[in-house]
Amino acid sequence: MKHDLRRYRTALITGASSGIGEAFAEALARQGLDLILVARSQERLEEIAVRLALAHDRRVEVISADLAKPQPGAALLKKVRALDMDVDLLINNAGFGIAGGNFHENDPARQQQMLALNVGAVMDLTHTFLPAMVERKTGAIINVASLAGFQPTPYLTVYGATKAFVLALSEGLWAEYRSKGIAVLAVCPGPVDTAFFEATGDPGMRDLIPPGTMLTAPQVVSASLKALAQGKSFVVPGAIMKAASLLPRLLPRGAVARVSARTMKQR
């Protein structure tokens with residue numbers, strides 16, 4: 001089932017203060033959608049909102065929120081209703097990773113925070129905004145997963161596990177709601193030139209990226225919106241990364257995990 005972005009009026013984007021989230025905001029404003037931008041940084045969101053509103057003559061609202069808190073959807077929905085706006089397109093982009101050291105050496109509280117944001121917020125916000133889409137018989141949800149969701153990711157173990165959840169959730173929802181007029185897409189990028197690497201606590205991860213494989217955030221967004229229009233359940237942006245996503249399905253999982261572990265140990 002194909003989806004035309006022109007049928008949507010308003011998009012809510014989490015993690016919209018930088019990287020892929022900001023690129024989604026730019027692309028969707030350019031295509032004529034009003035925006036609700038969500039992140040923790042109020043000041044940064046307001047800078048982006050002013051720029052996009054002036055450049056594209058769209059309504060751009062900002063909501064400062066910590067989505068790692070338990071069940072953030074209810075409070076977010078209350079603020080959206082106060083704006084008198086309906087969310088036609090939900091983009092669950094907020095998330096982060098932790099790398100460096102063994103699993104037991106990482107801060108358990110920080111790992112729980114990652115689970116709350118990468119998994120809990122995605123599920124809760126989907127629960128929050130999906131019912132109105134079903135009632136209107138139209139809408140779309142884009143969940144930003146990762147190439148890491150296709151395989152074991154030693155030394156980035158919990159992050160990979162969260163993205164495997166997002167991928168599986170999205171594909172299940174795609175099959176469940178496509179007959180109800182709702183599109184659901186998992187975006188599974190490989191390395192993207194954003195602040196993700198520095199945020200992991202192990203900026204040396206950038207050195208592991210093979211030359212020519214790093215995509216820009218606008219490239220990821222362009223591939224995502226094209227896949228959404230085509231009614232796909234997931235997309236891996238970039239030909240090289242798409243090919244890489246097939247290897248874990250063809251090779252023994254133990255072998256994939258060992259190769260991944262050796263690669264990550266080189267950092």
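Points worth noting:
- Checked against the criterion of being open to solvent by less than 40 Å² (accessible area, probe 1.4 Å), more than 18 Å from the chain's Cα centre (by Cα) and either touching a residue at least 12 places away in the same chain (Cβ under 8 Å) or more than 24 Å from Lys180 (Cα to Cα) (or both), the stretch 39-48 contains one or more residues that satisfy it.
- 1 or more residues of a type in the set (Val, Ile, Thr), at pLDDT 70 or above and open to solvent by 70 Å² or more (accessible area, probe 1.4 Å): qualifying helices (runs of 4 or more DSSP H) within the stretch 158-267: 239-250
- Residue list for the stretch 2-30, restricted to those being outside any helix (DSSP H, G or I), in contact (Cβ under 8 Å) with a residue 40 or more places away in the chain and either open to solvent by less than 40 Å² (accessible area, probe 1.4 Å) or over 13 Å from Val87 (Cα atoms) (or both): Lys2, His3, Asp4, Tyr8, Thr10, Ala11, Leu12, Ile13, Thr14, Gly15, Ala16, Ser18
- Flag: Val87 does not match the condition of being closer than 19 Å to Leu173 by Cβ, touching a residue at least 40 places away in the same chain (Cβ under 8 Å), in contact with a strand residue (DSSP E or B) (Cβ under 7 Å, 6 or more places away or on another chain) and open to solvent by 40 Å² or more (accessible area, probe 1.4 Å).
- Of residues in the stretch 95-123 being part of a loop (DSSP other than H, G, I, E, B) and touching a Gly at 6+ places or on another chain (Cβ under 7 Å), the one surrounded by the fewest Cβ atoms within 10 Å (Cβ to Cβ): Gly100
- Looking across the stretch 134-175, the residues that are among the basic types (Lys, Arg) and over 17 Å from Ile91 (Cβ atoms) come down to Arg136, Lys137.
- Which numbered condition Gln71 fails, given (1) open to solvent by less than 40 Å² (accessible area, probe 1.4 Å); (2) in contact with a helix residue (DSSP H, G or I) (Cβ under 9 Å, 6 or more places away or on another chain); (3) under 25 Å from Lys163 (Cα atoms); (4) not basic (Lys, Arg): (1)
- Among the residues of the stretch 209-256, those identified as in contact with an Asp or Glu (Cβ under 8 Å, 6 or more places away or on another chain), of a type in the set (Gly, Ala, Ser) and over 16 Å from Gly19 (Cβ atoms) are Ala229, Ser233.
- Taken over the stretch 124-154, the criterion of being surrounded by fewer than 23 Cβ atoms within 10 Å (Cβ to Cβ) and in a loop (DSSP other than H, G, I, E, B) is satisfied by Lys137, Thr138, Gln151, Pro152, Pro154.
The values are calculated or read from the model by the stated rules, or taken from the named source; none is laboratory data. Every value quoted in this text rests on a predicted model; they were computed, and no experiment measured them. Positions of Cβ are generated from backbone atoms using ideal geometry, with glycine treated the same way; all protein chains shown enter the neighbour counts. Quick note on the areas: whole protein, heavy atoms, side chains included, nothing else; ligands and nucleic acids left out. Shrake-Rupley method; radii C 1.70, N 1.55, O 1.52, S 1.80 Å.
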